[in-house]
Structures are given as C-alpha cells and as structure tokens.
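Peer 1: Submitted below is the structure of interest, expressed as structure tokens.
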Amino acid sequence: MITKQVKAIAVGILASLLIVGQGWAADVKIGIMVPTTGSEATAGKDMENAIKLAVDEINKSGGVLGKNIVTITGDDGCDPQMATAAASKLVSNDVVGVVGGYCSGATLPTLKIYGDAGIPFVVAAANSTKLIDANPGTAFQINSTGFDQVNSAVALFKEKGVKKLAIVNQGDGYSEDLARLTKEKWTGMGNEVVAYAVVNKGEQDQSSLVTLIKSKRPDAVFWTAYYSDGALLIKQLRQAGYHKLIAVGDGSNSPKLLEIAGKAAEGVYCFSNPTADYLPAAGDFIKNYKARYHQAPDAYGPLAYDGMKLMADAITRAGSTDKAAIVKALKETKDFNGITGAISFTDKNTLAKSNFVVLIARGGKWMLNK
Amino acid sequence: MSNLDIILQQLANGLILGSFYALVALGYTMVYGIIKLLNFAHGDLYMVGGFVGFLVLSLISGLMGSSWAGILCSMVFSMLAVGLLGVIIQRIAYVPMLRAPRLSILITALAVSMVLSNGVMAITDGEYLAFNTDLGYEGLDLGNVFISYTQLVLVVSASLLMIILYLFVHKTLYGKAMRAIAIDQDACRLMGINVNRIIALTFFIGSSLAAAAGVMAGVYYGSLHFFMGFVIGLKAFTAAVIGGIGSIPGAMLGGLVLGLLEAFGTQIPFIGSEWKDVFSFGLLILLLIFKPTGLLGKTEIERM
C-alpha cells in the first residue's frame, strides 16, 4: 500500500512538474499523435522523432511568432479506443494544433474530437479514403490517398503508350480496392482492361495466370498486392517470355521483391509513398536525423517532418495561435515547399498534387524513375 | 496466341505442376500404404527440404557456383538430411503411437506439422527467403509456347526419381519387403522381416522425395516461406487420393491429373486462377464420395 501511495505521489509531483513545464507562458504547444506502443510503435516513434527534429530546427531559427514550440505526445497505439483517449488528452492539454496520425483506423475517430475543439490537425501518414468523408474541416491530409496512386499509375501507363492493361490483385481489401479503382479510371478514359485477375495468397505457381495474361497480349501488367507473391508473378511472367511493362503498387515497395524476383525484376515500375531514400530534397533531413537518432529515418519520417514544418508555417502566416486562424491559414496553403514535395490542398483538405513517386528497379535496387 | 497454343502451354504448365504434386504425393501414399498413417507433416518436410537446399546452396555456391552442379549437390544433401529428419520424426513421434487408435497418430502428425512450420517460422522470422540461382530464362520457343530449360530439367529429374522409386519397390528385396508389410505386418514379422527398419526406410524415401520437390520448387519459383508446405501438402494429399491412396503409380498419376486439372480449369472463361483450389478440393470431395479408392486404388488387399 505504502509503495502505491509513494508511487501515486511521485507520479503526481512529476505530472504537476510536467504541466508547469509545458504550460510555460510563452510557448506554442503542439500535440503529436502517433502510436508509440503496440505493433506499429516503430513507425510511430520514427514519426515522433522526425517531428521533434523539425521542432528543434524551428526553435533554433527563432521559433514561431517569437515563441518556442513545445510538443506533447499522445500515444494512439494504432487502436481507435486508445486514439480517442490520446486525442482527449491532447485537447485537455490545450494544444493549438496536432501533427501525426499513422494508422487510418486509429486516426478516424479522433477527427471529430479535434474538430469539436476546433484544433487544426495535420494528418501526416494515414491515408484511407474514409478519412476524407469523416473530416470535419479542421484536418489536413498531407499524404496521398489511394486515389492518388491510381492517378500515378494511370499517368505512367499513358506516358508509356499502354493501350491494353492487365490488372492482378489478391482479393484482399487493399489490393482489390487499388485494382478496382485503377480499372474504373482506365476504362473511364476509354482504354481497355484485357485481364482482371485474382490470385490466391501464398500460391507459388502462377503459370495458369501467366498463360492467361500472355494470351490477352496486354501492353502492361499491374500487380496491386504485396511483394512476396508479386515477385513470383514477375519472375514467372518474365520466364514465360513476357517482355512488356510490369508495374507494382506500393504494397510491393520492398527490396525483398527485387531479391526474390532477381534479374526478372529489372525495369519493373513501383509506386511509392515519398520515403526518404527517394526524395532529392531529403538529404539534409536524413543527415540530421541520423546525427541525432543514430538510425536512418523510416518510411513516414519525411511526411511527419513536413507536417510539423507546415504547421509552424501556418501559425506564422496566421500571425497568432488562434486555432480558427491556423485552420484558415492551413487551408490557404499554397505550394508549401516540403521535402516530400509541394503541399497545397483540395477543397476536401487532401493533397492537391499526388506525392506518390514512381520507382524503377535498376541493378537490384529501387531508384527514382526519371 | 491461338487456342491450340494455350492448350499446349497449359499442358506443359500442368505437367510441371503435376510432377511437383506427384513427388510429394508419393511420400503420402508410401507412408499410408505401410502404416495407414496420413502423415500431415509431409508438406512441411517439403518446406524444410527447400530451406535445407537453400542453406547448402548458399554455403557451397562459392565453391561450385549456384548453377546446376551446385543445385544438384544441394538437392542430394537436402534429400539425405530431410530423409533422416523423416526417420527421426517417425522414431520420436510415430513409433510410440503405432498401437494407439488411428485418430491419435493422425493428431500427432498434425502436431509434428505445426512443430516444423512454426520452428522454421521462428528461425526465419516468418520472412520470405530468396532462392537465387544462376539459371537463365532460355528455353524452347515453339512459336507461342515457351518451355524453359529449367522446367524441362525439373520434369525430367522428377520423372527419373519416380522411375528409380518404381524400380526400387518392384525389383529389390527391400521393395518386396515394403509391399509385404503393406499387406500384412504381423505375417512379415513371422517371416523374419525387420518391420521397423523397413518402415523407417519408407519414411526416409518418402521424406527425401518431398525434399527433392522442395528444392526444385525453390529453384523454380525462387522464394521460400515457412508456410509453403501447407497448401502443397493438401494438394499432394488430394493427388494421392485421386490416384488411390497407398498406390505408388496412383500417386504419380494423381499428381499429373491434379496439375493438368488446375492448369486447364483456370483457363475456362470467367473462371480465374482464384478458382484453382476450388477445383482441386472439389475434386477431392467428389472422389471421396463416388470413388473413394481413387483411380488406381484397387481393393484393400494390395496397397503398394
């Protein structure tokens, strides 16, 4: 009992210290909402690191409106219930804005909480199309949504003179969605989808599918599912003498795909979120990140970093820490120069210009397609 | 591609797939023939075979390259190692259960399967391993039909293994003993046949055939995964039942039938390759209802 009381007192003292510390009059308080525990903790930590790196840089160069930025982290645990608690915590801590959001499922219920409090929320990574409909107007998605990948894919196919397209998915929510949206878009543009096939997960032998695809003579094959089976399809397509364009979705963006498919993967295109490795503007970010955390930034670090910088930029443009003014400033963002690309918003607060990059496999590595 | 081309190409694809199924099905059928056990761990031996082959190939590739010589060497080693593993499994898990009810030993087999697949999962962290070889993509280009040399070599080696097995079972004394045990174990004991040793030999041969198929699959598909034995185990079981479980020619025939069925079934318009498994297992159900003895399975008297 005594130890419990001691603990409780100690926690109380620490908490009050924290509150006093964070409540320092002249600071601008920004909430970070990412999963720092649970299955997605690695990605969440990476985003938190990137955001704090951005905050340090901002503070070093004078802060915003002459004040320092301080952060407070709410752990959403990639879980809707934990996320709701984390959001309420940030709201009651009276943050002027929130940056974060990794898991779409966990981010979804928090949109209303922040919206009711009028708090601007820069959603850095979560990109489900469901977030678009649930947005109360105060959230801003700076990662491309599923629709954007479709646009990137279709643009590449057009550029390469593709007429007949074959699309293969694995029947799961993610790959089926991407396949269906691509098909709709492609046929909507008056082009032809000659094969629309589903393969079972974990099926090694795809020879039947390969024969089917070859018999339809498509100009391009688009694999919308994950790398492990995608590598097998690529390999078997090439082995069977299919030499035309092959493209894979962001679920296949893994070095493992190249390892398994070997030289068959040479020249395969891949659509990817803007991960640090492929961003020409991210050089300094990677360097500073490594210097501070002694590890390379993960996939969503750059977006989280941009999210924080964008928030600071909006506060500066708003000229005050009034939440409504910041929301207005965010909405008016015009070509904000982030390391992941230029950020402007549509009237639905989604990224106006897709930040998906097109990669190409060259010599066993993914490289930016130029 | 004309329809004839598609038929020819699928014939080739079906034969290749079928020879994998047949190799694995042989182990099922041999073990069932001799101790009436459906060895559900058999698919996992195929998987372990692939991993052992991968390990050996990566060790010796510096020495003999990762082309055919290296592959052959790693395949032989994998067959020996997994054959031995099969015998060890039999000694530890099955021998104590031989007098137990059939259901108990079946459940033991499922447990062994879990141990193997989860063991490999733990070792490999559930990651896919790339099985890289130096084999090219050259092959026979017959107009629109394309068969790579790799495919040819794999089918020929599978056939060779099956011919050797057939000769072994029908022309040697050990083979005769195996066939005799399948008919009547107790009588064999009375005739002075070392039954336990022959059963162990059966496990050894069955497991090493599965390992050979596993290495071939690794070479052909280029990736390994701890779960890869599951589906092929079920398919091989289906092939064995199609051919008549317990019958060695039946397993070979069943494998080919299943491979061809999958190859052609998925080419029917409006039926995509996602229906592949539906064909296989639908056939299994139909066979079990209408002809449970399979194509070549005769009566209960002769099994091998």
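Peer 1: Students often get this wrong: which residues of the range B:214-251 have the backbone nitrogen under 19 Å from the point 7 angstrom along Cα-to-C-beta of B:Met114?
Peer 2: Only B:226-231, B:233-234 fall inside the zone, counting backbone N under 19 Å.
Peer 1: Still on this structure: Rounded to whole Hz and in sequence order, give me ³J(HN,Hα) for the range A:163-180 from the Karplus expression 6.51 cos²θ - 1.76 cosθ + 1.60, θ = phi - 60°, writing x for Gly and Pro.
Peer 2: Once θ is set to phi - 60°, the couplings for the range A:163-180 become 10, 9, 10, 10, 10, 10, 10, 10, x, 8, x, 5, 6, 5, 4, 4, 5, 5 Hz.
Peer 1: If I build a Gaussian network model for chain A, linking alpha-carbon pairs within less than 10 angstrom, which residue out of A:Met82, A:Met33, A:Met311 has the largest mean-square fluctuation?
Peer 2: A:Met82
Peer 1: Would you look at the GNM of chain B, springs on alpha carbons closer than 10 Å, and say which of B:Lys176, B:Lys36, B:Lys235 moves the most?
Peer 2: B:Lys176
Peer 1: What percent of all Cα-Cα pairs in chain B falls into each 20 Å bin, going from 0 up to the bin containing the maximum distance?
Peer 2: In whole percents, the pair-distance histogram is 34, 58, 9, 0.
Peer 1: Just want the ordering: A:Val34, A:Val193, B:Val219, from fewest to most Cβ atoms lying within 10 Å of their own Cβ.
Peer 2: In order of increasing Cβ crowding within 10 Å: A:Val193, B:Val219, A:Val34.
Peer 1: Over what distance in Å are the Cα centres of the range A:125-175 and the range A:308-332 separated?
Peer 2: Result: 28 Å between the Cα centres.
Peer 1: Using only alpha carbon pairs under 8 Å that are at least six residues apart, calculate the relative contact order of the range A:48-126 and give it in whole percent.
Peer 2: So the answer I get is 25 percent.
Peer 1: If you take every DSSP beta bridge fully contained in the range A:147-272, what fraction is antiparallel? Give it as a percent rounded to 5.
Peer 2: Antiparallel bridges make up about 0 percent of those DSSP assigns within the range A:147-272.
Peer 1: Would you mind computing, in nm to one decimal, how far apart the modelled labels at A:Asn200 and A:Ala85 are, each placed 7 Å from Cα along Cα→Cβ?
Peer 2: 4.1
Peer 1: Among the complete DSSP H segments of chain B, which ones combine at least 18 Å of alpha-carbon extent along their axis with a mean Kyte-Doolittle hydropathy of -1.0 or more?
Peer 2: Passing helices, by number: B:3-35, B:42-64, B:68-89, B:102-124, B:149-171, B:195-221, B:228-243, B:248-265, B:276-290.
Peer 1: If you take every DSSP beta bridge fully contained in the protein assembly as shown, what fraction is antiparallel? Give it as a percent rounded to 5.
Peer 2: Among the beta bridges of the protein assembly as shown, antiparallel pairing accounts for roughly 35 percent.
Peer 1: OK, next. Cut-off under 13 Å on the C-alpha distance; same-chain residues fewer than 8 positions from A:Lys45 excluded. Which aspartates and glutamates are left, in chain and number order?
Peer 2: Answer for A:Lys45, where 13 Å is the Cα cut-off: A:Asp75, A:Asp76, A:Asp298, listed by chain and number.
Peer 1: Still on this structure, please answer the following. How about A:Lys67: which aspartates and glutamates have a C-alpha closer than 16 Å to its C-alpha, ignoring those fewer than 8 places off in the same chain?
Peer 2: A:Asp27, A:Asp56, A:Glu57, A:Asp313, A:Asp322
Peer 1: Gaussian network model of chain B, Cα springs within a sub-10 Å range: biggest mean-square fluctuation belongs to which of B:Val31, B:Val241, B:Val112?
Peer 2: For chain B, modelled as a Gaussian network with Cα springs under 10 Å, the answer is B:Val112.
Peer 1: Now for a different question. Need one value for B:121-129: mean number of C-beta atoms belonging to other chains within 10 Å of its residues' C-beta atoms.
Peer 2: The per-residue average across the peptide is 2.
Peer 1: Name the shape class, rounded, prolate or oblate, that the alpha-carbon gyration tensor gives for the range A:35-111, where a ≥ b ≥ c are the square roots of its eigenvalues, rounded holds for a/c under 1.5, and otherwise prolate holds if a/b is larger than b/c and oblate otherwise.
Peer 2: Verdict is oblate for the range A:35-111.
Peer 1: Let me ask something else. Please list, in chain and number order, the residues 5+ apart from A:Val123 or on another chain whose amide H is under 5 Å from its amide H, with Hs placed from the backbone.
Peer 2: A:Phe140, A:Gln141, A:Ile142
Peer 1: Okay, next question. What stretch of chain B, leaving out the sites themselves, is the longest with no GluC sites (Glu not before Pro) in a DSSP loop having at most 10 other Cβ atoms within 10 Å?
Peer 2: Excluding the exposed sites themselves, the longest stretch runs over B:139-299.
Peer 1: Roughly speaking, what is the stretch gain from B:Ile107 to B:Asn3, that is 0.36 nm per residue apart minus the C-alpha to C-alpha distance, in nm to one decimal?
Peer 2: The span from B:Ile107 to B:Asn3 would gain 32.8 nm if fully extended.
Peer 1: Rounded, prolate or oblate: pick one for the range A:147-272, where a ≥ b ≥ c are the square roots of the eigenvalues of its C-alpha gyration tensor, a/c under 1.5 means rounded, and failing that, prolate if a/b is larger than b/c, else oblate.
Peer 2: Since a/c stays below 1.5, the shape of the range A:147-272 is classed as rounded.
Peer 1: Also: Output the relative contact order of chain A, whole-number percent, from Cα pairs under 8 angstrom with separation of 6+ residues.
Peer 2: Once normalised by length, the contact order is 17 percent.
Peer 1: Work out the mean other chain Cβ neighbour count within 10 Å for the residues of A:188-200 and drop it here as an integer.
Peer 2: Mean number of neighbouring Cβ atoms from other chains: 2.
Peer 1: Which chymotrypsin sites (Phe, Trp or Tyr not before Pro) in the range B:223-273 sit in a loop by DSSP (not H, G, I, E or B) and have at most 10 other Cβ atoms within 10 Å of their own Cβ?
Peer 2: Passing both the DSSP loop test and the Cβ count: B:Phe270.
Peer 1: Which shape class applies to the protein assembly as shown: rounded if a/c is under 1.5, otherwise prolate when a/b exceeds b/c and oblate if not, where a ≥ b ≥ c are the square roots of the Cα gyration tensor eigenvalues?
Peer 2: prolate
Peer 1: Roughly how far apart, in whole Å, are the Cα centres of the range B:95-155 and the range B:192-218?
Peer 2: 15
Rule-based calculations on the coordinates, nothing more; no lab input. Source: prediction; values computed, not measured. FYI the Cβ positions are ideal-geometry reconstructions off the backbone, even for glycines, and counts take in every protein chain you see.
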